[in-house]
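Asks: One structure follows; several queries about it will come next.
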Amino acid sequence: MLESLKKNGKGIILLLISAFSLALGQLLWKKPLENVDVAAALAQGFIGILGVFVKILPGFVVYAIGAIVMTIGLGYGELSVLQPINSMSYVFALILSAIFFPAEKISWITIVGVFVVIAGVIVIGGSSKNDASDH
Amino acid sequence: MMPLTTKDIIIIVVILLVETFLSSLASYFLKKASPADGGSKIKLLLSPFFYLGGVMYVIAALGNIYLLQKLPYAVVLPLGSITYIWTMFLSNRLLGEKITKRKILGMIVIIVGVTLVAYGKGK
């Protein structure tokens, strides 16, 4: 397990950062669109499309940064080890929504699920045996 | 949400498989774009693989949005984990990475976790 962390460690950390960016980006683009009929806005043509675009821009920027961090991270280790770490974005999304929307109830099943996802990521993260430096 | 016809279900399954495959293939291209050890990080933005991967992710996201209109979030979210199965397959075929028991176990645990997260949110 330690061996894998040495080989994939940098990649694991970068993928965790990117999973966080994905969760934050999602929060930033979903919330502004909550009360917007996207299909109707897009049907309005250029102005409508621009309106939607401006609303999702901050989320999009965070997403793009996350994608760049993920791309760099994927170079440091096995794809089959690193890519599933994306699932940590569900965990970060939950933490963020608990921070920014404390009124929203979180079911205990979801909290159990979060810990199960973390366990799965730990199992996969420590699983590399062959050389991870190829890319 | 409208009741689903057989045709709807076929379309949903096809989109699900294509969408998850694309997002898995996208991560493969992003890996190819990665400058990794010591390479200039700017190079990444010049790599066609980076944009190819990006476009695939966007198409996959559109497929996901379509699925969310047809099925509840609590169903779509765990089904998205099919991506990890594709990735294990693709990384084995294209990159020669080993499919180990531990990776499969971790993947199953993640899928169970995501299902619980989604189920809890759907309540």
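The values are calculated or read from the model by the stated rules, or taken from the named source; none is laboratory data. Bear in mind the structure is a predicted one, so any value in this text is a computation, not a measurement. We place every Cβ from the backbone using ideal geometry, glycine too, and count neighbours over all the protein chains shown.
Asks: Going residue by residue through segment A:18-26, is there one that turns out to be part of a helix (DSSP H, G or I), within 23 Å of A:Ala64 (Cα to Cα) and at pLDDT below 80?
Replies: Checking segment A:18-26: not a single residue is part of a helix (DSSP H, G or I), within 23 Å of A:Ala64 (Cα to Cα) and at pLDDT below 80.
Rundown of residues vs (1) more than 8 Å from chain B (Cβ to nearest Cβ); (2) farther than 22 Å from B:Ser23 by Cα; (3) crowded, with 19+ Cβ neighbours inside 10 Å, yes/no style:
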| residue | (1), (2), (3) |
| --- | --- |
| A:Lys30 | yes, no, no |
| A:Gly45 | yes, yes, no |
| A:Lys55 | yes, yes, no |
| A:Val61 | yes, no, no |
| A:Met70 | no, no, yes |
| A:Gly77 | yes, no, yes |
| A:Ser89 | yes, no, yes |
| A:Leu96 | yes, yes, no |
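Asks: Exactly one condition in (1) within 12 Å of chain A (Cβ to nearest Cβ); (2) buried (at least 17 other Cβ atoms within 10 Å of the Cβ) is not met by B:Leu22; state its number.
Replies: Against the list (1) within 12 Å of chain A (Cβ to nearest Cβ); (2) buried (at least 17 other Cβ atoms within 10 Å of the Cβ), B:Leu22 comes up short only on (1).
Asks: Can we say A:Ile122 is without any contact (Cβ under 8 Å) to a residue 60 or more places away in the chain, under 21 Å from the mean Cα position of the chain (by Cα) and away from every other protein chain (no Cβ under 14 Å)?
Replies: So A:Ile122 fails the test.
Asks: To continue, here is another question. Please work out if B:Ile104 is at negative phi, in a helix (DSSP H, G or I), more than 7 Å from every other protein chain (Cβ to nearest Cβ) and not small (Gly, Ala, Ser).
Replies: So B:Ile104 fits the description; yes.
Asks: Then there is this: Between a residue in segment B:47-65 that is touching a residue at least 12 places away in the same chain (Cβ under 8 Å) and any residue that is part of a helix (DSSP H, G or I) and among the acidic types (Asp, Glu), which pairs come within a Cβ distance under 6 Å, given they are 6 or more apart or on different chains?
Replies: B:Ala60/B:Glu19; B:Gly63/B:Glu19; B:Asn64/B:Glu19
Asks: Right, next: Residues that are modelled with pLDDT of 90 or more, within 20 Å of the chain's Cα centre (by Cα) and within 17 Å of A:Asn86 (Cβ to Cβ): which helices (runs of 4 or more DSSP H) entirely in segment B:1-78 hold 1 or more of them?
Replies: Answer list for segment B:1-78: B:6-33, B:48-70.
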